[in-house]
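Remarks on the structure that follows.
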Amino acid sequence: TLPNQSLVRLNTIVIMLKLIKNNIFGNSINNFKCLGNVLFNKSKLVKQITKEPKNLTIEWKNKNISKYNYWWLRTNCDCNQCIQPESKQRLFEINNINVSDNNTPLMFEEQSDKLLIKWEDNHVSKFDYKFLEKNCCSLENRKEKRKYKIGKYWEKNDWKTEEDKNKPDFPSYDYDDIMLDEKKIYNWVESLNQYGFSFIRNVPLVEDEVMKVCNQIGYIRETIYGRSFNVKSEKNPVNVAYTNIKLNLHMDLCYYESTPGLQALHCFKSEAEGGQSTLADSYKIIENYVDKFPKEYVDILCKVPITYHKQHDTHRMYYRFIICTERFLK
């Protein structure tokens, strides 16, 4: 059973007394200073910190300026009272946090690498300056994060060819590196995020070996074809991929409510001629479309759901959703 409210308060008092007794904040309990208007900080990163009615403003030595809402600061406190140390999960309900005119930062302690804030309810929060800089919510910083999240758009002429060998080659990694080197795994995942595809060379020609590669970065989802399946010509195909007919540019399983984030194709030796893979960057296509038809993009692709379905003798799958957002508008 949960302890009653008085016991919870008693435990909180005991915890705070232990914190003070053990001097967990160093000298911060005794050396807090009133945060008036401006603090000139000794940090290598920060030039000055200014207290405003609803925000804390940090002017960095690189001349960038960041504003932090007090409620955001209070709810991002990672002390042991707010975050369970082992799981790093939150221990409080954010709707119980009162950050208003009566609970703005009252005092602070300046340190070379962190800022300690004492709130009017006597709670103490500690923020590493690098954390604050990384989580700056300025328009410029949001644009930079958004740019990385979306990745890099590309087209055919951006890659290395026989005619132009000075351009970058396709992102490619060796099987042994992916299976043994965590740094290579990170680089692989980063390239997938940036470009949307990559190649893994020298994968053993063993059935389901591709699943071992995929398990390096995530779990494998079930589909109507199974967790893995062979793409080869069949007498009575359930999919056009199981024929020798050319496949045009397409995306798989769009009739799923949650389409695959990544797909892996393990290429074995083929007895037939041809079979080249064709790739296209759909984000680059959207960007070009927005440049030429901005009104149609907003009025149609951002508002009208597109229908996808698969019809077969034994099953029918169907889903309808809007494929684009206004994030591509400039």
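Cross-link pairs exceeding 22 Å in C-alpha to C-alpha distance, out of Lys246/Lys269; Lys88/Lys212; Lys232/Lys310, comprise Lys88/Lys212.
The order of the peptides 186-196, 252-262 by mean Cβ neighbours within 10 Å, most packed first, is 186-196, 252-262.
Inter-label distance, Phe197 to Glu140: 3.6 nm, where each label sits 7 Å from its Cα along the C-beta direction. Bridging of Lys160 to aspartates and glutamates at a Cα separation below 17 Å is possible for Asp169, Asp281, once same-chain residues fewer than 8 apart are set aside. Here r is the Cβ-Cβ distance between Asp121 and Glu257 and R0 is 45 Å; the resulting FRET efficiency, rounded to 0.05, is 0.55. Quick check on my link table: of Lys156/Lys292; Lys63/Lys184; Lys61/Lys134, which ones sit more than 26 Å apart, alpha carbon to alpha carbon? Too far apart for the 26 Å limit: Lys63/Lys184. Note on Lys114 and His309: the extension gain reaches 64.8 nm, defined as 0.36 nm multiplied by sequence separation minus the Cα-Cα distance.
A cut-off of 5 Å between modelled amide H atoms, ignoring neighbours fewer than 5 places along the same chain, links Phe199 with Ser172, Tyr173.
Rounded to the nearest 0.05, what FRET efficiency is calculated for Asn157 and Ile220 with R0 set to 45 Å and r the Cβ-Cβ distance? E between Asn157 and Ile220, to the nearest 0.05, is 0.85.
Bridgeable aspartates and glutamates around Lys143 (alpha carbons under 18 Å apart, same-chain partners fewer than 8 residues away excluded): Glu133, Glu287, Glu326.
Taking the charge dipole of the range 179-330 about its Cα centre, with +1 at Lys and Arg Cβ atoms and -1 at Asp and Glu Cβ atoms, the residue from Ile300, Leu192, Leu253 reaching farthest to the positive side is Ile300.
Modelled spin labels at Lys292 and Lys88, positioned 7 Å past Cα toward Cβ, are 4.5 nm from each other.
We did not get these values from a lab; they are worked out from the coordinates using the rules stated. Worth saying up front: this structure is predicted, and the values here are computed from it rather than measured. Glycine also receives a Cβ, built like all others from the backbone with ideal geometry; neighbour counts cover every protein chain displayed.
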